[in-house]
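Heads up: the structure comes next, in structure tokens.
The values are calculated or read from the model by the stated rules, or taken from the named source; none is laboratory data. Everything quoted here is computed from the prediction, not taken from an experiment. All Cβ positions, glycine included, derive from the backbone under ideal geometry; neighbour counts span all protein chains shown.
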Amino acid sequence: MAEREHRRDRRAEREETPEFADRLVAINRVSKTVKGGKRFGFAALVVVGDQRGRVGFGKGKAKEVPEAIRKATEQAKRSLVRVPLRDGRTLHHDVEGRHGAGKVVMRTAVAGTGIIAGGPMRAVFEMLGVQDVVAKSIGSQNPYNMIRATLDGLKKEASPRHVAARRGKKVADILAKPEADASAEA
């Protein structure tokens, strides 16, 4: 019983702390024609992140804009993914992501480059906490598909520590340069 109360306290504590930043990416007004005229609704697309390696997106629909944004934010908080970042500022390696007709290419960048990416991709990188990245969207301009393609690519991102653990090696072995190995053998 005490454990259940402790868990409830932790959950309440987590909900109170505003650790997540959110960014409204798109808002869409949709209408339904009925006998008396038209009924308008709103669809919102929101990206949420802690700017330290976690990001998620959500979509919400409602009759009013603030309610649609609230629903989208709640869904985004439930769909967070963790992405390993190099030095907390860029990606570990170049990666591509796809979703439907949307294709994105993301490349690592040196310090000081900034976020070179368009629209929805920029929102994802800012909420993720990436400071230096070069990205290009190829194909679909639909913000939903662009965000899904970006997250698909980010899920493929692997840190040297993760790769070393998976292959049963040391991180130094993974990061060793091929030229250094050749000169050591000679």
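Condition test on VAL81, is it in contact with an Asp or Glu (Cβ under 7 Å, 6 or more places away or on another chain) and either modelled with pLDDT under 95 or surrounded by fewer than 17 Cβ atoms within 10 Å (Cβ to Cβ) (or both)?
no
What pairs come up if the first residue lies in the stretch 92-104 and is of a type in the set (A, V, I, L, M, F, W, C), the second is in a strand (DSSP E or B), and their beta carbons are under 6 Å apart, counting only those six or more places apart or on different chains?
Partner pairs satisfying both residue conditions: VAL95/MET106; ALA101/GLY139; VAL104/GLY97; VAL104/SER137.
Which of the residues belonging to the stretch 40-77 are among the charged types (D, E, K, R), surrounded by fewer than 18 Cβ atoms within 10 Å (Cβ to Cβ) and either under 16 Å from PRO143 (Cβ atoms) or not assigned by TED's automatic domain parsing to the domain that holds ALA21 (or both)?
LYS61
Residues that are surrounded by 18 or more Cβ atoms within 10 Å (Cβ to Cβ) and on the phi > 0 side of the Ramachandran plot: does the stretch 114-127 have at least one?
So far as the stretch 114-127 goes, no, none of its residues is surrounded by 18 or more Cβ atoms within 10 Å (Cβ to Cβ) and on the phi > 0 side of the Ramachandran plot.
How about the stretch 69-84: which of its residues are among the aliphatic types (A, V, I, L, M) and not in a loop (DSSP other than H, G, I, E, B)?
ILE69, ALA72, ALA76, VAL81
Could you check the stretch 85-103 and list, in sequence order, the residues that are part of a strand (DSSP E or B) and farther than 18 Å from ARG52 by Cα?
VAL95, GLU96, GLY97, ARG98, HIS99, GLY102, LYS103
Give the residue that is nearest to ASP87 (Cα to Cα), with candidates limited to residues of the stretch 138-167 that are buried (at least 19 other Cβ atoms within 10 Å of the Cβ) and among the β-branched types (Val, Ile, Thr).
Among them, the one singled out is THR150.
Could you grab the pairs with beta carbons closer than 8 Å, sequence gap of 6+ or different chains, first residue in the stretch 115-143 and outside the structural domain of ALA76 (by TED's automatic domain parsing), second one part of a helix (DSSP H, G or I) and of a type in the set (D, E, K, R)?
Listed pairs, sorted by first residue: ILE115/ARG122; ILE115/GLU126.
Report yes if some residue within the stretch 86-98 is within 15 Å of the chain's Cα centre (by Cα), surrounded by 14 or more Cβ atoms within 10 Å (Cβ to Cβ), within 25 Å of VAL133 (Cα to Cα) and not assigned by TED's automatic domain parsing to the domain that holds GLN141; otherwise report no.
no
Rundown of residues vs (1) at pLDDT below 95; (2) outside any loop (DSSP other than H, G, I, E, B); (3) not hydrophobic (A, V, I, L, M, F, W, C), yes/no style:
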| site | (1), (2), (3) |
| --- | --- |
| ARG4 | yes, yes, yes |
| ARG8 | yes, yes, yes |
| ALA12 | yes, yes, no |
| LYS32 | yes, yes, yes |
| VAL48 | no, yes, no |
| ARG52 | yes, no, yes |
| LYS61 | no, yes, yes |
| GLU67 | no, yes, yes |
| VAL105 | no, yes, no |
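Taking the residues in the stretch 141-158 that are charged (D, E, K, R) and under 11 Å from the mean Cα position of the chain (by Cα) as candidates, determine which candidate is farthest from ALA117 (Cα to Cα).
LYS155
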